[in-house]
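See below for the structure under consideration.
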Amino acid sequence: TALLGTAPGAVVALGTEGSDEFPLLTDRPLLDGAPAAYVCRNFTCDAPTTDPARLRAALGGRG
C-alpha cells in the first residue's frame with residue numbers, strides 16, 4: 001500500500017525487526033506480530049497500523 005501511494009516527498013523504509021540496518025526504523029517494532037506502517041509528518045508519527053485501508057487514508061488516499 002505504501003509503495004503504491006502518491007504522497008509527495010514520501011519515504012518508504014522496509015527492514016527486519018531487530019536489525020540496525022536503517023536507523024529510521026529504530027524503536028518501530030511489529031504490531032501484534034505483524035508488519036506495521038508508521039506514518040510521520042513534521043517529526044510527529046501517527047499510531048502504527050497494520051490495516052491497508054487505514055494506511056491509504058493516512059497517506060491521503062481513499063480508505
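Does segment 13-20 include one or more residues that are in a helix (DSSP H, G or I), open to solvent by less than 60 Å² (accessible area, probe 1.4 Å) and free of Cβ contacts under 8 Å to residues at least 12 places away in the same chain? I'd like the intermediate steps shown before the answer.
At the first step, the residues of segment 13-20 found to be in a helix (DSSP H, G or I) are none.
No, that holds for no residue.
If you scan segment 37-56, which residues turn out to be out of contact with any strand residue (DSSP E or B) (no Cβ under 8 Å at 6 or more places or on another chain) and farther than 17 Å from Leu24 by Cβ? Selection gives Ala47, Asp51, Pro52, Ala53, Arg54, Arg56.
This table checks each residue for (1) surrounded by 12 or more Cβ atoms within 10 Å (Cβ to Cβ); (2) under 11 Å from the mean Cα position of the chain (by Cα); (3) of a type in the set (S, T, N, Q).
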position	(1), (2), (3)
Ala7	yes, no, no
Ala10	yes, yes, no
Phe22	yes, no, no
Leu25	yes, yes, no
Leu31	yes, no, no
Ala34	no, no, no
Phe43	no, no, no
Pro52	yes, yes, no
Ala57	yes, no, no
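With respect to the conditions (1) open to solvent by less than 60 Å² (accessible area, probe 1.4 Å); (2) of a type outside the set (A, V, I, L, M, F, W, C); (3) within 9 Å of the chain's Cα centre (by Cα), Tyr38 lacks only one, and its number is (1).
The values are calculated or read from the model by the stated rules, or taken from the named source; none is laboratory data. Everything quoted here is computed from the prediction, not taken from an experiment. With ideal geometry, Cβ positions are generated from the backbone for all residues, glycine too; neighbour counts draw on all protein chains shown. Heads up: the accessible areas ignore ligands, DNA and RNA and are worked out on the full protein's heavy atoms, side chains in. Shrake-Rupley method; radii C 1.70, N 1.55, O 1.52, S 1.80 Å.
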